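This report concerns only the one structure given below.
Throughout, read-outs are computed from the coordinates displayed, never taken from laboratory work. Computed from a prediction, not measured in an experiment: that's the story for all the values here. Here the Cβ positions follow ideal geometry from the backbone for every residue, glycine too, while neighbour counts run over all protein chains shown.
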Amino acid sequence: MINYIVTTRCRSFQCSRRIIIIFSAITLMAGAGFAQQRADDIVTLPGVSVDAARLPVAQALRETRQVPGGAGVVDAAALRGGRLNSPADLFSLQPGVLVMTAFGGIDHPRLSIRGASIQRGGDPSAGRGILFLQDGFPVNFSDGSYDFVEFLDPAGIDHATILRGGNALTLGATALGGAVDLVSPAGRDASGGLVRSEAGGHGYARGQLSLSGGAKGRDFHFDATGFALDGWREYSRQEASRARLNFGIDLGRGWSNRVFLSAMHSRVEVTGVQTLAQIDAGDTAALPIAIMAQIGRDSSQYRFGDRVTGPLAGGTLSAGAGVAYVDFTFAQGGNVTRSRNTDASLDAKWTRRGEVFGGLANTLTLGARAQIGRRDQQVFLNGSGVAPNLGGVRGLMHSDNRLTAENGTLWIDNHLGLGRGFTLVATAAVTRANRINEDRFTAIRAARPDSSGSVGTAAFLPRLALVYERKDVQFFANITRGFEPLTWDALLTTRGGTGSGEALINGSDPRRAVATSHSPQRAITVEAGMRARTRRVAWELTAYRSWMSKELLLLATDASGAATRFGNADRTIHQGVEAAAGVDLLQTAAHSLIARASYTWSDFYFDGDPVWRDNALPVIPPHFAQFALRYHHARGWYGGATLTWQPRGGWADYANTLRAPGYATLDLRAGYAPSKGLGFFLDLRNVLDRRHVTGINAGAGNLGGMDAARFFPGEPRTLYGGAEFRW
């Protein structure tokens, strides 16, 4: 048994400061496992619980076990026993994946893997540092940024594969956080359909229709969802509608083709941050500027992709081409941004398994991905551009830019079995990124400074890993070089200007787009860990340390000490532990009782910064843990509880003077889920109605320990219920 794990914060491997004891409940780390596989067995893993008949998920599990580092699989079908709506629902109990919600529903949460996306630049809704794929096609815009509002619908996917950090290099992902591949259901895997409805407090409503079928080498899957939420705070209305279709055809001789189509629309009111005192008092008021400026986002998205797969030259080839169009309008503060994005991608991956050097097992993968996108972006005054005369009304235009982003990555990955349980993994990638900005507003205002320009960067990214596996235990270690090219919010900012209305556009100091000069992030990461499984238990533990160079953060400060400018830090350190476990406490023909746990330790800090010295980076909490207990009866009845524990919150400023308090919340759920027919569930969130902080706005400079509006409140006690009919 592992009763506790002691981890220290190290500077250049010289350990100092706080000693963190990972609670004795992590004795569950000795557990989480594979039950022996009979036809009716449930296979349990630290990050997933799936029915053995779910072949796509079982295949994903086998593939992630070959990853020499942090990886996981989420089975979306296993999450349908309760509310299934937000990124926090999808990534629950996933070690290393932190979802810091802003105001519930389909809000703009800060999702971070290994510290990716701690800060954002000009667009507070744009995440970065993680490559999101949908069926292998990039969901990120071509500059590398992404937006949750448009695409992440947990109810519409079959499963998700998470490759943390440099382990995602084999998907062409080079950034710090790694990659998440969302996989759609296919009619070939399960024919039938379902109708589902959900309702809950604060005006929550959600509906879903899904249809699948196939015959004679052809199949299809169609899915549509609708969602609305009034919210528990003032000015927090949300709504979304999504539709997805994919259909496949068997071309013969092992070749197949699948086409993917989707359309989505969403509207979100952004209620804003609160002070700690407001959250503690249960205040439901919106940030005053949110109502004054009518801060919100209206977005539409359309996607098309085609993928062909089949045998080629002794291996297997998968090649795809996709195009996406995203049109969004974002009212924030004194500006209203209209952005129209067209992004196209091509990718190919060829894998061959065989033997080399007289019988050594070898798997070779060659991959390529190219993406090009154009963003036509106009920025208007919000009303007069200056409070209180805002109102969310599009006023005079002050910026008009055509932004072009180009990316290309080639990689080779080779797994060589050395015998006696050892496997050597070598990966090498070459990537190139170009950003081109054409300032079109200077043609209208010739005297205005021109923000046009271009920047190109390239990198060679090697990875070397060693795996040792004996019986049911696997050890792994790797070293990887990472690279994150610049997103548009880091390359283009808005200068505030002086005056209001016409004077703000044509005065001596106009509001305008300004090009910035930043460097791409780079990192070297070492990682080591292990996975183990027995008949009833399994667990995994990964530790990593990244030496970051030129991390993108809010750095410059004004006279008051507030962080004012997005830029590069010189050196920072990201290190942490990602652990998950589970145990089959009871497994009989009729009953099963499974316990699961996940834990993430995050320690991110400056390394000798001239202003912030060795202070911790803000936003990310140092510890985050979840524990779950699930009971299931063979006839379909189930129940369970989930405890979420964050002993301390993240810092709200770079000076480390104000931080969010810790919290613990308890969720309960129960229901009936037959394989066919009518099922139902009840899902009670935050049973004890704890007032808590779930997210922090981008870090300030020095708050002097004074409470400030920098925090997002967590969801109060809320009951959800739903019914689902399957056939």
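Dipole of the chain computed with +1 at Lys/Arg Cβ and -1 at Asp/Glu Cβ about the Cα centre; of 299, 611, 130, farthest Cα towards the positive end is 130.
If you take all other residues with their beta carbon under 13 Å from the beta carbon of residue 285, and give Lys and Arg +1 and Asp and Glu -1, the sum is -1. About its Cα centre, the chain has a charge dipole of approximately 1180 debye under the convention of +1 per Lys or Arg Cβ and -1 per Asp or Glu Cβ, with nothing else charged. In summary, the aspartates and glutamates within cross-link reach of residue 216, defined as a Cα separation below 13 angstrom excluding same-chain residues under 8 places away, comprise 250. Over segment 199-307, Cα pairs under 8 Å with separation of 6+ residues give a relative contact order of 22 percent.
Relative to the longest principal axis of the Cα atoms of the chain, the long axis of helix 55-65 lies at roughly 80 degrees. As a proxy for reagent exposure, 591, 415, 159 were ordered by neighbouring Cβ count within 10 angstrom, fewest first; the result is 591, 415, 159. Listing 460, 328, 624 from fewest to most neighbouring C-beta atoms within 10 Å gives 460, 328, 624. Based on Cα contacts under 8 Å between residues 6+ apart, the chain shows a relative contact order of 13 percent. Other residues within the sphere of radius under 12 Å centred on the Cβ of residue 193, judged by their own Cβ, net out at +1 (K and R +1, D and E -1).
Residues 584, 707, arranged from fewest to most other Cβ atoms within 10 angstrom of their Cβ, appear as 707, 584. For segment 507-553, averaging the sequence separation of C-alpha pairs within contact (under 8 Å, six or more residues apart) and dividing by the residue count gives a relative contact order of 41 percent. Residue separation of residue 275 and residue 230 scaled by 0.36 nm, minus their Cα-Cα distance, works out to 14.0 nm of gained length. Each of 282, 344, 97 was placed along the dipole of the chain (beta-carbon charges, centred on the mean Cα), and the one lying farthest toward the positive end is 97.
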